[in-house]
Amino acid sequence: MSKIIRAFNVTLVTKEPFRIGAKQNIMSGIDNPITTVGGRAVIQGSSLKGALRASIEEYLISIFAGNSAMKPCIPSAYNTLSSDEKKLIEQGKFLDGGGCSYSPNPRHRSESICPACYLLGAQGLVGFVRVPYLYADATPEEMYAVRIDRATGVVSDKTNRDFQIIADGIEFKGTLEIIEKDIVKGWILGQSRVIDEKLGIGANDSWLKNGTWNADTIIDEFIIKRLKAIKLLGGFKSRGCGKVEINIKKDEIKQG
Ligand SMILES: [Zn+2]
């Protein structure tokens, strides 16, 4: 036993037709199939994690404006940022200098790790939250395909080709895990991390230094409320697709 993990049941219900696309599968006969694993429709962990991260960023920017310790980064190298992203940095919404990163070499690591990267991981440093794949019981037969009207850009009618999507009212489920304590690494959720005690190298999670946050408030504000705040996911959002409702329920404390 090296970790204490809190597990949460995540349920996502589609409120509109829903689509997270996969690369074309030559076996399916559909031009644009949705993502499936073992015949079941899935929302990949990376998609949900991206939506959770965006939700956390919005929260940090709107609630903690002017508090530099609470500013999120844009998790990409600075030279890959678009001019619009650089504008957001100039406006003070995101940290300057690209994504948070950690390296044993002090010259190659960020001064501090932002709250979003603390939870979801920075380059070179894992986070506390493991975002799962969500699986639907819907089989491909329960899904239908739509045709996008080329003139109006909206879903025009059902057809047997073009874009495969999931109907509304379909439930996806998965288990999200949050590390409360990692005994080997000596990490405790809500506390600044020490990566190497001998060298005195800390990850410098400066937003936790004033002791405002603890495991419960972090889980509630940064994970539960932020997941519930996700109202749109997947593709075709401007075309009447993607409305979702997410619920999250505490499951159990596990040791792993
Ligand atoms: Zn960051």
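Data overview
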read-out: Cα long-axis angle, helix 45-63 against the chain (0 to 90 degrees, to the nearest 10); value: 60 degrees
read-out: Whole-angstrom gap from region 70-138 to region 43-60, using each part's C-alpha centre; value: 12 Å
read-out: Antiparallel content of DSSP bridges confined to the chain, in %, to 5; value: 95 percent
read-out: GluC sites (Glu not before Pro) within region 191-256, DSSP loop, no more than 10 other Cβ atoms inside 10 Å; value: 197
read-out: Area accessible to solvent at residue 35, 1.4 Å probe radius, in Å²; value: 10 Å²
read-out: Two-site label geometry, residue 183 and residue 80: point separation in nm, points 7 Å out along Cα→Cβ; value: 3.8 nm
read-out: Cα-Cα pairs of region 3-255 separated by more than 31 Å (percent); value: 34 percent
read-out: Cα gyration tensor shape for region 1-116, rounded if a/c is under 1.5, else prolate or oblate; value: prolate
read-out: Per-residue [θ]222 nm for the chain (sum of -39500 (n - 2.57) over DSSP H runs n ≥ 4, rounded to 500); value: -4500 deg cm²/dmol
read-out: Largest-first principal axis extents, alpha carbons of region 34-81, Å; value: 48, 28, 13
read-out: Gained length - residue 9 relative to residue 254, 0.36 nm times residue gap less alpha-carbon distance; value: 86.9 nm
read-out: Three-way shape label, region 79-152, alpha-carbon gyration tensor, a/c 1.5; value: oblate
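The values are calculated or read from the model by the stated rules, or taken from the named source; none is laboratory data. Since this is a predicted model, take the numbers as computed values, not measurements. Heads up, the Cβs are rebuilt from the backbone with ideal geometry, glycines too, and the neighbour counts pull from every protein chain shown. These accessible areas exclude ligands, DNA and RNA; they are computed on the full protein's heavy atoms, side chains included. Shrake-Rupley method; radii C 1.70, N 1.55, O 1.52, S 1.80 Å.
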